[in-house]
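The block underneath contains the structure these notes are about, expressed in structure tokens.
The values are calculated or read from the model by the stated rules, or taken from the named source; none is laboratory data. These figures come from a predicted structure and were not determined experimentally. Neighbour counts run over all protein chains shown; Cβ positions are idealised from the backbone, glycine included.
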Amino acid sequence: MKISNYLWAVLATATLSLTACGSDENENVIQSKEKTAKLELTLVGTPADSRATGTLPTTDESQINRLTVAVFTEASGNPVNALREFTGEDIEAASGTGKKITMLCEPGNGQMIYVVANASTGLFAGVTNLAGFKAKLMLLSETTKAAGADDATDIQKANNLPMLGSATGKNFTAGTKTEANIALSRLVARVSISSIKTAFDPVGRFKDATFKVDAIYLKNANSSVNADKAGSVLVHGGDGSTGTKKYLYATVSGHTANTELTTPYYFYTFPNASTSEPTKLIIKGTFDADGAGVVSTPIARYYPITINKKQANTTITGGAGTDKGSIAANTRYVLTAVIKGEGAPDDNTDIDPATLQLTITVADWVLTISQNVTFE
């Protein structure tokens with residue numbers, strides 16, 4: 001079976017040049033709160049396009065629409081040295097152009113720099129120290145805003161993914177140019193499924209069975225995360241009913257029973273290391289035990305796939321530690337599934353892995369993992 005090509009996005013890189021401004025005659029009398037150091041930020045990225053339905057995104061996953069640069073001193077409590085949010089003309093032409101934006105900082109040693117892309121507007125306003133900065137939560141719902149400029153929608157978009165980069169131990173010395181390279185890394189993972197097909201045993205219990213895919217969605221998706229990549233609010237995809245998120249739910253229309261579904265479906269989610277509530281991709285559909293027969297009635301059945309969990313009838317390819325059932329940031333999880341038996345009555349019930357044959361490929365962005373599952 002041919003799996004869709006993995007399309008790699010080029011991560012944005014922030015290059016920081018710190019140039020102090022001061023004359024020889026006043027260099028020794030700079031006050032601790034004077035903003036006399038110039039921070040010069042150069043963005044390197046790629047052009048972006050909007051998400052196209054039914055295709056996997058490419059370079060748009062590295063688009064920067066809003067940028068917050070925060071500098072903290074090494075003093076007790078790590079107070080803010082400088083903090084500024086850049087939008088609009090400050091960064092609109094930065095991708096691939098080497099455009100520079102600047103801000104003033106206080107000279108000093110052991111400075112920490114954090115760069116956040118595509119967080120919600122004004123998220124870090126009023127922050128006074130590093131702890132306060134890290135307490136702010138970036139929201140998964142931001143991925144539903146086209147280029148970060150529109151109201152939230154019911155569809156995730158590839159061009160407004162939250163990213164983070166940092167550097168520590170930087171010295172800002174008057175009259176000296178200091179450079180620091182900060183690579184921005186996506187805070188989300190991308191979970192996609194590129195193939196779903198049936199393979200009922202021709203001499204088994206369900207030899208005449210049929211299955212038609214009706215929907216694909218995420219369950220236990222982490223909806224918020226801080227600068228330490230930690231978060232705890234789990235949400236579920238749904239058709240808009242109470243407690244569900246439409247943007248994590250895709251209706252599949254027009255699928256013919258027992259034909260392979262090859263249109264890629266994908267979702268973005270934040271890291272989740274929970275062993276009791278792992279992130280799952282759910283295949284929902286209509287199962288008929290005797291197909292065209294008259295004995296059984298078509299019923300709704302679910303095939304839950306625990307992302308990145310090694311189990312029977314599951315093939316996972318990737319780096320070390322990629323089979324513990326956890327979701328990592330900046331990682332692509334590419335799934336394919338073969339259905340061989342009847343699914344579960346709801347999405348809370350795990351099923352015998354023999355019923356679903358699964359292949360998962362996890363890829364970078366930083367890591368690549370593949371997982372194949374077969375449901376017998």
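The rows are residues; the columns are (1) within 26 Å of V338 (Cβ to Cβ); (2) small (G, A, S); (3) outside the structural domain of F270 (by TED's automatic domain parsing); (4) at pLDDT 95 or above.
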site: A174; (1), (2), (3), (4): no, yes, yes, no
site: E179; (1), (2), (3), (4): no, no, yes, no
site: D201; (1), (2), (3), (4): yes, no, no, no
site: K212; (1), (2), (3), (4): yes, no, no, yes
site: L218; (1), (2), (3), (4): yes, no, no, yes
site: A221; (1), (2), (3), (4): yes, yes, no, yes
TODO: Could you tell me which residue of the stretch 295-338 is farthest from the chain's Cα centre (by Cα), considering only residues that are modelled with pLDDT of 85 or more and exposed (fewer than 15 other Cβ atoms within 10 Å of the Cβ)?
DONE: V295
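Does T251 satisfy the criteria of being surrounded by 17 or more Cβ atoms within 10 Å (Cβ to Cβ), under 24 Å from R332 (Cβ atoms) and polar (S, T, N, Q)? Give the derivation first.
Working: surrounded by 17 or more Cβ atoms within 10 Å (Cβ to Cβ): no; under 24 Å from R332 (Cβ atoms): yes; polar (S, T, N, Q): yes.
No, not satisfied.
Among the residues of the stretch 49-83, which ones are modelled with pLDDT under 80 and either aromatic (F, W, Y) or buried (at least 21 other Cβ atoms within 10 Å of the Cβ) (or both)? Walk me through how you get there before you give the answer.
As a first pass, look at the stretch 49-83 and keep what is modelled with pLDDT under 80: 49-60.
Correct list: P57 only.
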Task: Filter result for the condition that a residue is surrounded by fewer than 16 Cβ atoms within 10 Å (Cβ to Cβ), modelled with pLDDT under 95 and touching a Gly at 6+ places or on another chain (Cβ under 7 Å), over T263, T275, T242 - done: T275
